[in-house]
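Read through the structure below, which is laid out as structure tokens, and then see the notes.
The values are calculated or read from the model by the stated rules, or taken from the named source; none is laboratory data. In this text the structure is predicted, and so the values were computed from the model without any measurement. Note that each Cβ is placed from the backbone with ideal geometry, even for glycine, and that neighbours are counted across all protein chains shown.
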């Protein structure tokens, strides 16, 4: 079921952004703005069902979408775009370019993770921690299992998805030398994480995976759970780095669009950049830290937005520059 009209605009790159908020009348934090201004994405296609219209550079074949926060909005927005007959998306690469909470044991604020795995944190059984058995490490455990990380249960009902590993490795290789920015606020915050040496390092580009959950979790216990959850569902191959919301919904819609012949799931690239940490520094409670940092729009947001753009733009330009080859087949790291 392709049914792509002959006059549909061929799209090479879809930039998938999720987050945009106004801090003041003059300041806006947006995953989309840098793409729209710097590409530039200077042609508008109406999308009244979304927070933002589609912005397109017709010469480059680059289109942006702002889905809104959360799995449901992301899934429905991507499906709507995929079924929009104004565009031919059959050869498009989809770059998720967003910010996220990072495990401070893995990377510093402003770092960019290129993912191989997306793991859902939403499909689960849950028992209030005050009522769990004494020998249980958590009251949040796999659906249809008999307890936390039940070794007899690893059936996938939509909890885990693996991306094109060759494409992810290629993306890391071509971006490894990009200069990422750091500011004084994020650097000072990193120094407060005495037990986490990586949090004190300058921002870097790493390979790491995303736990996609509608719940914005925070604290050491939740971070420990996330590490175990990703390890469990990827059978030890994945590494929890980023906590975000939308990636499962985006993947699932692209999976269905692939089945319909309207998208190519093997062309999905996942980028997440660290705007905040998933646990507080020593001496501060999770509730105090989360509420304070969230109220101030997270310490690393500005550099995270810039750095994920820099990495995503390098990937986008490389694909476009070699379109004669990459239109036919996704790149592979040599």
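Go through segment 24-40 and give me each residue that's more than 12 Å from residue 305 (Cβ to Cβ) and in contact with a strand residue (DSSP E or B) (Cβ under 7 Å, 6 or more places away or on another chain).
Passing the criteria: 36, 39, 40.
Run residue 43 past the list (1) surrounded by fewer than 19 Cβ atoms within 10 Å (Cβ to Cβ); (2) under 25 Å from residue 307 (Cα atoms); (3) in contact with a helix residue (DSSP H, G or I) (Cβ under 9 Å, 6 or more places away or on another chain) and report the number of the one that doesn't hold.
(3)
Take segment 188-211 and flag every residue that is part of a helix (DSSP H, G or I) and buried (at least 18 other Cβ atoms within 10 Å of the Cβ).
189, 190, 199
Among all residue pairs at least 6 apart or on different chains, which show Cβ distances below 6 Å where the first residue, located in segment 132-146, is in the same structural domain as residue 228 (by TED's automatic domain parsing) and surrounded by fewer than 18 Cβ atoms within 10 Å (Cβ to Cβ) and the second is in a loop (DSSP other than H, G, I, E, B) and modelled with pLDDT of 95 or more?
none
This table checks each residue for (1) assigned by TED's automatic domain parsing to the domain that holds residue 19; (2) out of contact with any strand residue (DSSP E or B) (no Cβ under 8 Å at 6 or more places or on another chain); (3) under 20 Å from residue 32 (Cβ atoms).
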site: 244; (1), (2), (3): yes, no, yes
site: 260; (1), (2), (3): yes, yes, no
site: 271; (1), (2), (3): yes, no, yes
site: 287; (1), (2), (3): yes, yes, no
site: 292; (1), (2), (3): yes, yes, no
site: 302; (1), (2), (3): yes, no, yes
site: 305; (1), (2), (3): yes, no, yes
site: 311; (1), (2), (3): yes, no, yes
site: 332; (1), (2), (3): no, yes, no
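Looking at segment 234-334, what helices (runs of 4 or more DSSP H) fall wholly within it and have at least 1 residues that are farther than 21 Å from residue 206 by Cβ, modelled with pLDDT of 95 or more and more than 20 Å from the chain's Cα centre (by Cα)?
Hits in segment 234-334: 247-259, 301-321, 323-326.
Across segment 90-104, what is the total count of residues that are more than 19 Å from residue 245 (Cβ to Cβ) and in contact with a helix residue (DSSP H, G or I) (Cβ under 6 Å, 6 or more places away or on another chain)?
So the count comes out to 2.
Identify, by number, the condition in (1) assigned by TED's automatic domain parsing to the domain that holds residue 279; (2) outside any helix (DSSP H, G or I) that residue 79 doesn't meet.
(2)
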